[in-house]
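A short reminder: the numbers here are calculations on the coordinates, not readings from a lab. In this text, all values refer to a predicted model and were calculated from it rather than measured experimentally. Cβ placement follows ideal geometry from the backbone for every residue including glycine, while neighbour counts extend to all protein chains displayed.
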Amino acid sequence: MSTSAVEGGILTIREVADYLKVTERTIYRLAAAKQMPAFKIGGSWRFSRQDIDSWIKQQSMEGLDARANNEIEPLKR
């Protein structure tokens with residue numbers, strides 16, 4: 001992926017997949033399920049680079065919160 005595409009404001013599915021190092025199918029599935037910020041233009045998914053970066057930070061914080069809760073609460077078996 002070109003540096004200008006990653007630095008640009010709007011990304012395609014392919015660019016987001018490359019950026020996150022996952023498959024295009026994964027990005028499509030997350031976007032369609034509204035689990036990541038995305039919008040459609042003429043039937044094609046598009047992503048704001050700023051929204052994706054914020055989403056990554058949010059996902060990281062949720063992961064940290066989940067780990068902290070697991071350390072405090074005993075495992076339920």
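The simple Förster model, with R0 at 22 Å and r as the Cβ-Cβ distance, assigns LYS40 and MET61 a FRET efficiency of 0.20.
Quick check: from the Cα gyration tensor, does segment 3-72 come out rounded (a/c under 1.5), prolate or oblate? Before the final figure, lay out each step's value.
Details: a/c = 2.41, a/b = 1.88, b/c = 1.28.
Prolate is the answer for segment 3-72, as a/c is 1.5 or above and a/b outweighs b/c.
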